[in-house]
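The values are calculated or read from the model by the stated rules, or taken from the named source; none is laboratory data. Small disclaimer: the values here were computed from a predicted structure and weren't measured. Reconstructed Cβ throughout: ideal geometry from the backbone, glycine too, with neighbour counts over all protein chains shown.
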Amino acid sequence: MKAQHFKKGRFSDSHEISEMVYSASNLLVLLNDGILRKNLSRTLPVSLSQQRLLTWLSVLEYVEVFTEMGAAKLWGEAGRWLVIVLIQVAKAILRCLLLFWYKSGIQTSPPIIPLDRNSQLCSHENNAEEDDEDTSFVGQRSGRVVRPLGSAPSLQSRLWGIPWKNKKSRNREEELHSSPTPLGLQETIAESLYIARPLMHLASLGICGKRSWKPWIISGLLEITSFSLLSDIKTLNRRERAEMRRRAFLLLYYLLRSPFYDRYSETKILFLLRFLADYVPGVGLVARPLMEYLPIWQKIYFYNWG
């Protein structure tokens, strides 16, 4: 559960506005990162068409919660569920194209990692300094390599950091932009199960109803099977390892998903939060808003199952 969502439980009447601000800020970061990458000549290591798919997928992930809330306000439950299905179908199509057509490997969330401005700017300046090395000369008597004053960067753009830190940032950047790990047949099937899981859950939800255990069980089995098969890969890059850790953590969400939450988790979680709020100093500042927010979180599909 995202930290920025806790405050919405405190102001339940304005959680749509909070989500709108959150979605807009993510979209602005995505746009700003694209502009910076273009100016720094640091485009994503993918083709232009694949980059467009990643961008559209990122946009859908950033606006899906707000779109669900807006649809519920405007068109009621029927419109809300229609929007949920359309978004999940669109995301599944984009992910299948990335997986099968572009061989993008394990799908990460968010699809485009926000730009690390410090490392990118340092790398940009380092490259500029390396280009300037061609203008240096060697002193005849001292043997020293001297760079003319005219080729030195401006005072504002000089790097005053420790060189090993710059090298470390470059290594991190290269690892983040490394090629995806090739997937064999087993791993491709596993990733396909992960992509199909939301659609299978929605289909079983429509057939069996919200109170049935079958959608919860089917979704959990698909996700655990996918995770188990992908866990056999030993050569994942940094982004893919982070994604696998994220998926492992998200398995805990099944404790908060209905009908398990309604029948088993709710009373225990609320009792624990109430106990901590009453008897542990300072914890109530977080626990009480969280107790107020849990019912709202349960009602939003993309919070719970997205």
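For residues in the range 284-306 being touching an Asp or Glu at 6+ places or on another chain (Cβ under 7 Å) and aromatic (Phe, Trp, Tyr), which is nearest to GLU77 (Cα to Cα)? Ranking the qualifying residues of the range 284-306, first place goes to TYR301.
Within the range 32-81, restricting attention to residues that are of a type in the set (Lys, Arg) and over 18 Å from the mean Cα position of the chain (by Cα), the residue that is modelled with the highest pLDDT is ARG80.
Which one of these is buried (at least 16 other Cβ atoms within 10 Å of the Cβ), of a type in the set (Ser, Thr, Tyr) and without any contact (Cβ under 8 Å) to a residue 60 or more places away in the chain: SER18, SER49? So that I can check it myself, show each step before the final result.
Numbers: SER49 fails: buried (at least 16 other Cβ atoms within 10 Å of the Cβ).
The match here is SER18.
With PHE302, PHE260 as the choices, which residue is under 25 Å from SER14 (Cβ atoms) and at pLDDT 95 or above?
Values: PHE260 fails: under 25 Å from SER14 (Cβ atoms).
That would be PHE302, the only listed residue that is under 25 Å from SER14 (Cβ atoms) and at pLDDT 95 or above.
Could you tell me whether any residue of the range 195-207 is touching a residue at least 12 places away in the same chain (Cβ under 8 Å), basic (Lys, Arg) and buried (at least 18 other Cβ atoms within 10 Å of the Cβ)? Within the range 195-207, one or more residues are touching a residue at least 12 places away in the same chain (Cβ under 8 Å), basic (Lys, Arg) and buried (at least 18 other Cβ atoms within 10 Å of the Cβ). Residues in the range 107-125 that are modelled with pLDDT of 70 or more, crowded, with 17+ Cβ neighbours inside 10 Å and among the hydrophobic types (A, V, I, L, M, F, W, C): ILE112, LEU115.
The residue that is modelled with the lowest pLDDT, among those in the range 225-239 that are surrounded by fewer than 17 Cβ atoms within 10 Å (Cβ to Cβ) and small (Gly, Ala, Ser), is SER231. Restricting to the range 71-117, name every residue that is farther than 22 Å from GLU187 by Cα and part of a loop (DSSP other than H, G, I, E, B). Scanning the range 71-117 gives ILE113, PRO114, LEU115, ASP116. As a summary of the residue check, ARG245 satisfies the conditions (1) touching an Asp or Glu at 6+ places or on another chain (Cβ under 7 Å); (2) modelled with pLDDT of 95 or more; (3) surrounded by fewer than 16 Cβ atoms within 10 Å (Cβ to Cβ) except for the one numbered (1). Which residues, counting only those in the range 267-306, are β-branched (Val, Ile, Thr) and surrounded by fewer than 16 Cβ atoms within 10 Å (Cβ to Cβ)? Selection gives THR267, VAL280, VAL283, VAL286, ILE296.
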